[in-house]
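Asker: One structure is given below, represented as structure tokens, and several questions about it will come after.
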Amino acid sequence: MTVTAVIGSQWGDEGKGKAVDFLAESADYVARFNGGNNAGHTVINEFGTFKIHLVPSGIFTQNTVGLIGGGVVIDPSVLLDEIGMLNRAGVGLDGRFWVSPRSHLIMPYHKILDGLYEEAKGAGATGTTRRGIGPVFADKVSYNGIRWTDFTSDMFESRLKVQLELKNKIIVALGGEALNYDEVRATYRGYYEKMKPYLRELFPLVQDGLKADKHFLLEQAMGTFLDTDWGTYPFVTASTTIPSAASAGLGIPPRYITRVVGVTKAYTTRVGAGPLPTEIHDTSTQAYGLFAETAATTGRTRRVGWLDLEIIRTAVALSGVTELCLTKLDVLSGLEEIQVCTGYKLNGQAVGYVDVDAYGLEKVEPQYQTVKGWDGDIRGARRFEDLPLRAREYVQMIESAADTPVKWIGVGPEREATIRR
Ligand code: GDP
Ligand code: IMO
Ligand code: MG
């Protein structure tokens, strides 16, 4: 039981923040390894209510050490605000929170370019969070990135100069305003000074922890189907979201990742563009009203749909999910009938997720099974036996379709609103 990865099995916002918060009870280390502050993870516990973008959601457990691996891209102003906010809330990060100097920085031009690219694509836009995620990862893999380690010499200044020469030309050509070198330099040097106490090469720490059989909890950002390779490309995010990303993004050899918790919402949501086969378009329906959510990072309204078992099965197989954490079961209460997608058809033929691309997935016809719902409030349930029969059957149907046990069931947003099996 050395390394547990916690991953979202749908399109993000499955409730990973809450799951990591309660799973951290048994963790020595909690770590982010992918994505950036496009993530918004909600945690509700004795410290309050938080929407966290970068610091691992397990940081509230006082004897855990929080890590941000080199695979994460960081907007320094967002991270510094978050550190300040958590310290003020009494969480206490000093001496137990470390950021890899290998991580790349989101620069002002990344955010500007993200917006300009989106506008240029018009109706074909991805619907990004506009946090600069695509452009910063593009710079990373084209050797144009700026990392914390560059601030230890004047490498930051020389790299910034080249980047501003390049980026300002593009920004101006697309109708934007050129950035000023002195201003950007001074702002980012200021960020570095404030971040210095938290920057530390993580390799020795992670290696020693693995040797000592410490428990690492890895918190994925985004979801399986936003993965650059396996998601609904081009309606994806710019990082790898499957557990193998923790190998490069934190320096954990893959063989150590022996448990993978698949966090699965009892229905489906998606923010931004791209296919969502089980989407509910009729905003006047009871289900739409129950499922509707507001995005934690951008405040946009999340698109909603019925549970899609083809998506869950694919995620389980792709990431080697060993156990499921089912969230938001309480939200289904009161529905007379619940639709569950058991597979797709395209032109009369059965097709799977991997048989079609994103544009094909827009066209598939979900095959629904209708199951009877349950009445009454289940938010107080703490044992599986406390749930109404039909709620238990809903859980068992998911276990059997995914061939994976549901070990935790969320019946409310708070840490304690969880059934452990
Ligand atoms: P994440 O990005 O995967 O961490 O998920 P988000 O925090 O973006 O979105 C999940 C939303 O569902 C948040 O508002 C959570 O507070 C909420 N939530 C998580 N688990 C449950 C649950 O079991 N029941 C209810 N009602 N809300 C939940
Ligand atoms: P958490 O970790 C849901 C989506 C965006 C957009 C696409 C690309 O909270 O589950 P990006 O800004 O990454 O270039 O946008 O990815 N997206 C998310 N959707 N939850 C997230 O994170 C997301 N992070 C990015 O809405 O469709
Ligand atoms: Mg979220």
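Asker: Go through PRO108, PRO76, PRO135, PRO101 for me and flag whichever is touching an Asp or Glu at 6+ places or on another chain (Cβ under 7 Å), open to solvent by less than 60 Å² (accessible area, probe 1.4 Å) and over 30 Å from ALA358 (Cα atoms).
Answerer: Selected residue: PRO101, the only one of PRO108, PRO76, PRO135, PRO101 that is touching an Asp or Glu at 6+ places or on another chain (Cβ under 7 Å), open to solvent by less than 60 Å² (accessible area, probe 1.4 Å) and over 30 Å from ALA358 (Cα atoms).
Asker: In region 292-346, what count of residues is obtained for those that are farther than 25 Å from PRO243 by Cα, in contact with a helix residue (DSSP H, G or I) (Cβ under 7 Å, 6 or more places away or on another chain) and within 16 Å of ligand 3 (Cβ to nearest atom)?
Answerer: Qualifying residue count for the region: 2.
Asker: Now for a separate question. Checking the condition in contact (Cβ under 8 Å) with a residue 24 or more places away in the chain, open to solvent by less than 20 Å² (accessible area, probe 1.4 Å), within 14 Å of ligand 2 (Cβ to nearest atom) and of a type outside the set (Phe, Trp, Tyr), which residue from VAL261, VAL271, VAL304, VAL321 passes?
Answerer: One residue alone meets the criteria, VAL304.
Asker: Pick out, from region 11-109, the strands (runs of 3 or more DSSP E) lying fully within it that include 1 or more residues that are over 30 Å from ILE171 (Cα atoms) and within 16 Å of ligand 2 (Cβ to nearest atom).
Answerer: 29-32, 41-45, 48-52, 65-68
Asker: If you don't mind, another one. For VAL184, all conditions in the list (1) assigned by TED's automatic domain parsing to the domain that holds PRO56; (2) outside any loop (DSSP other than H, G, I, E, B); (3) surrounded by 15 or more Cβ atoms within 10 Å (Cβ to Cβ) hold save one; what is the number of the exception?
Answerer: Only one criterion in (1) assigned by TED's automatic domain parsing to the domain that holds PRO56; (2) outside any loop (DSSP other than H, G, I, E, B); (3) surrounded by 15 or more Cβ atoms within 10 Å (Cβ to Cβ) is unmet by VAL184, namely (1).
Asker: Pull up region 3-49, narrow it to residues that are of a type in the set (A, V, I, L, M, F, W, C) and open to solvent by 10 Å² or more (accessible area, probe 1.4 Å), then point me to the one that is farthest from ligand 1 (Cβ to nearest atom).
Answerer: So, considering only residues that are of a type in the set (A, V, I, L, M, F, W, C) and open to solvent by 10 Å² or more (accessible area, probe 1.4 Å), the one farthest from ligand 1 (Cβ to nearest atom) is PHE47.
Asker: Further question: Mind listing whichever residues of region 1-22 are out of contact with any Gly (no Cβ under 7 Å at 6 or more places or on another chain) and of a type outside the set (Phe, Trp, Tyr)?
Answerer: Selection gives MET1, THR2, VAL3, THR4, ALA5, VAL6, ASP13, GLY17, ALA19.
The values are calculated or read from the model by the stated rules, or taken from the named source; none is laboratory data. Every value quoted in this text rests on a predicted model; they were computed, and no experiment measured them. Here the Cβ is made from the backbone with ideal geometry for all residues, glycine too, and neighbour counts use every protein chain on show. The area values use the complete protein model at the heavy-atom level, side chains included, leaving out ligands, DNA and RNA. Shrake-Rupley method; radii C 1.70, N 1.55, O 1.52, S 1.80 Å.
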